[in-house]
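Below: the structure, in structure tokens.
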Amino acid sequence: MLLNSVILILQETLEAALLISVLLAINLQFGGGVRWLILAIVGGLATSALYASQMSRVSEWFEYTGQEVTNALLQTSITLLILLCSWTFLRCWSAGHDKVAAHYSFRFHLFATATVLLAITREGSEILVYLMGFYHQASFFHTMASGSIIGFGIGISVGVLILYGLFSLQGKWRVAAIISILALFAGNMLSQATLQLIQADWIESAGAIWNSSSLLSEESLAGKLMYALLGYEATPSGAQVIAYCTGIILVLLTSMLALKMNPTNGKAAA
Amino acid sequence: MYPGLLLGIFSHAAIAATPVIEVEIRDHLFYPSEVRVPANTKVKLLIKNLDPTPEEFESYELNREKVISGNSKVVIFIGPVGPGDYPFFGEFYPNTARGVILVR
């Protein structure tokens with residue numbers, strides 16, 4: 001029971017921790033405060049509590065596939081917000097002078113707040129449903145609560161490690177690492193959104209296009225970590241692979257456009 | 001963004017033909033714990049959670065994951081998949097809530 005809750009909470013925490021670390025790395029580059037992050041976390045906890053409390057009602061929507069549709073909507077929105085974050089980050093980074101940087105800095109904080117808020121809404125609601133289910137079972141609650149705290153602690157630690165890792169890189173390399181992580185994250189989100197819509201029967205699925213479970217099983221600890229961080233699936237459908245690649249390409253294209261544009265034209269295009 | 005979306009919406013008309021299989025959750029156990037479904041066919045899984053506590057249906061082999069609140073029911077579409085054994089479990093009570101979908 002202890003190990004179960006450690007792994008469950010760790011999985012849910014890792015995804016948000018990775019996202020927050022990357023956005024914090026961008027934020028520290030701007031030299032801005034972290035008030036936006038506190039706002040996003042508090043807001044995200046509030047909306048996840050709302051989602052968790054309404055879970056059974058949401059489930060009944062769209063002929064009992066409301067959860068999938070809601071999750072797909074959240075994940076698609078997160079993907080779009082990541083594109084906006086990448087855009088504003090690179091426009092600011094390439095602008096060079098403070099006036100333009102300040103202009104993009106505000107927008108970046110707005111988009112980053114919304115991204116984290118939506119990510120916590122989805123991950124947080126699952127954690128809350130899990131915790132609330134055990135709340136009235138006194139015998140389990142202590143074990144489960146300790147497990148959750150350990151899982152949460154490990155998740156946060158990994159996030160801090162990623163943040164320090166990003167900060168140990170210099171100049172262009174740091175930017176490249178940040179954009180790579182954002183691209184993989186966007187791919188993961190679009191792939192998960194597609195899977196949700198397949199599960200709800202909104203998208204037809206032709207079954208798995210490969211099976212890599214003998215190389216890396218989703219049930220192994222490494223597989224679970226890869227799933228939480230990168231959205232690894234041992235048996236993905238073709239639609240998911242296309243969605244994953246689309247997410248990566250969208251972030252890379254946005255980045256290239258943001259870097260190529262003349263800084264003085266930036267305001268008009270943004 | 002989703003080329004299959006339009007096609008997917010129209011496929012709702014075909015739901016009536018999709019076999020429905022009911023599974024219940026009682027005392028953190030799945031009833032039945034062995035579910036037989038036809039191969040290469042899309043199946044609608046109707047899961048009723050009769051426990052007051054929530055559960056999360058999960059199957060790595062089928063790429064399915066869904067929270068089921070206490071005293072409620074959900075629908076999960078699975079397949080089409082080829083013949084084989086596809087285990088599933090309840091992520092919140094993985095020590096007891098276990099089952100397998102036998103695709104034949």
- Query: Treating the beta-carbon of each Lys and Arg as +1 and of each Asp and Glu as -1, no other charges, what is the dipole magnitude of the range A:2-265 about its Cα centre, to the nearest 20 debye?
  - Reply: 1160 debye
- Once you average over the residues of A:129-136, how many Cβ atoms of partner chains fall within 10 Å of each Cβ? 5
- Note on the structure: Averaged over the residues of A:189-201, the number of partner chain Cβ atoms within 10 Å of each residue's own Cβ comes to 4
- Query: Under the Kirkwood approximation applied to all pairs of distinct alpha-carbon atoms, what is the hydrodynamic radius of the range A:124-270 in Å?
  - Reply: 18.5 Å
- Item | Acute angle (nearest 10 degrees) that the helix A:171-199 long axis makes with the longest principal axis of chain A, alpha-carbon atoms | 40 degrees
- Item | For the range A:150-157, Karplus couplings with θ = phi - 60° (6.51, -1.76, 1.60), whole Hz, Gly/Pro x | 4, x, 5, x, 5, x, 5, 4
- Item | Where B:27, B:85 fall by accessible area, highest first, once all protein chains stay in place (1.4 Å) | B:27, B:85
- Pick out which of A:229, A:131, A:19 has the largest mean-square fluctuation in a Gaussian network model of chain A, springs linking Cα atoms closer than 10 Å. A:131
- Message: 5 Å is the cut-off here: which amide hydrogens, built 1.01 Å from N in the peptide plane, fall below it relative to residue B:100, excluding neighbours closer than 5 in sequence?
- Response: B:34, B:35, B:88
- Task: Grab the DSSP H runs of chain A that are 4 residues or longer, score each as -39,500 (n - 2.57), total them, divide by all residues and round the 222 nm result to the nearest 500 deg cm²/dmol.
- Result: -29000 deg cm²/dmol
- Message: Treating only the Cβ of Lys, Arg, Asp and Glu as charged (+1, +1, -1, -1), what charge dipole size does the range A:105-217 show about its Cα centre? Round to the nearest 20 debye.
- Response: 500 debye
- Item | Coarse-grained scattering of the range B:18-103 at q = 0.16, 0.18, 0.20, 0.21 Å⁻¹, given as base-10 log I(q)/I(0) from a Debye sum over alpha-carbon atoms | -0.53, -0.67, -0.83, -0.92
- Item | Cβ neighbours within 10 Å from other chains - mean over B:74-84 | 5
- Spatially proximal lysines relative to residue A:260 (Cα-Cα < 24 Å; intrachain offsets below 8 disregarded): A:99, A:172
- Task: Kindly express, to the nearest 10 degrees and within the range 0 to 90, the angle between helix A:98-135's C-alpha long axis and the longest C-alpha principal axis of chain A.
- Result: 0 degrees
- Item | Sites residue A:141 and residue B:46, calculated FRET efficiency, Cβ-Cβ separation with R0 45 Å, nearest 0.05 | 0.90
- Just name one of A:70, A:103, A:223: the one whose Cα is farthest towards the positive end of the charge dipole of chain A (beta-carbon charges, Lys/Arg +1, Asp/Glu -1). A:103
- Item | Size of charge dipole - the range A:12-145 - debye, nearest 20, with Cβ of Lys, Arg +1 and Asp, Glu -1, no other charges | 560 debye
- Would you mind putting A:166-173, A:87-94, B:42-49 in packing order, based on average other-beta-carbon counts within 10 Å, highest first? A:87-94, B:42-49, A:166-173
- Message: Whole-Hz ³J(HN,Hα) for each residue in the range A:8-13, computed from phi via Karplus 6.51 cos²θ - 1.76 cosθ + 1.60 with θ = phi - 60°, x for glycine and proline: what do you get?
- Response: 4, 5, 4, 4, 5, 6
- Query: Counting Lys +1, Arg +1, Asp -1, Glu -1, what net charge surrounds residue A:18 among other residues with beta carbon under 13 Å of its beta carbon?
  - Reply: -3
- What percent does the relative contact order of chain A come to when contacts are Cα pairs within less than 8 Å and at least six residues apart? 31 percent
- In the range A:2-265, carbon and sulfur make up what percent of the accessible area (probe 1.4 Å)? 73 percent
- Message: To check my understanding: the extent here is largest minus smallest coordinate of the Cα atoms along each principal axis. What are those three numbers for the range A:1-143, in Å, largest first?
- Response: 59, 36, 20
- Query: Which value, in Å to one decimal place, does the Kirkwood hydrodynamic radius take for the protein assembly as shown when every pair of different Cα atoms is included?
  - Reply: 21.6 Å
- Item | Listed residues A:141, A:108, A:62 arranged by accessible area, highest first, probe 1.4 Å | A:62, A:141, A:108
- Only residues of the range A:1-21 count here: report those whose backbone N is under 20 Å from the spot 7 Å along Cα→Cβ of residue B:98, or say none. A:1-8
- Item | Residues in the range B:54-70 that, when all protein chains are in place, have 10 Å² or more less accessible area than the chain alone would give (probe 1.4 Å) | B:54, B:56, B:60, B:61, B:63, B:64, B:65, B:66, B:67, B:69
- Task: Express in Å², to the nearest 10, the accessible area of residue B:53 obtained by rolling a 1.4 Å probe over the protein heavy atoms while all chains stay in place.
- Result: 20 Å²
- Nonlocal amide H pairs with residue B:23, under 5 Å, H built at 1.01 Å: B:46, B:47, B:48
- Note on the structure: per DSSP, antiparallel bridges as share of beta bridges in the protein assembly as shown, % nearest 5, sits at 70 percent
- Item | Listed residues A:47, B:96, A:121 arranged by accessible area, highest first, probe 1.4 Å | B:96, A:47, A:121
- Return an integer: the convex hull volume of the alpha-carbon atoms of the range A:35-115, in Å³ per residue. 70 Å³
- Item | Per residue accessible area in Å² of chain A, where ligands, DNA and RNA are left out and the probe is 1.4 Å | 45 Å²
- Message: I want to verify a result. In a Gaussian network model of chain A, Cα cutoff 10 Å, which of these has the top mean-square fluctuation: A:259, A:221, A:83?
- Response: A:221
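The values are calculated or read from the model by the stated rules, or taken from the named source; none is laboratory data. Everything numeric here is computed off the predicted structure, so don't read it as measured data. Cβ sites come from the backbone with ideal geometry, for glycine too, and all protein chains shown count toward neighbours. Ligands, DNA and RNA are stripped out before the accessible areas are found, and what is left, the full protein with its side chains, is counted by its heavy atoms. Shrake-Rupley method; radii C 1.70, N 1.55, O 1.52, S 1.80 Å.
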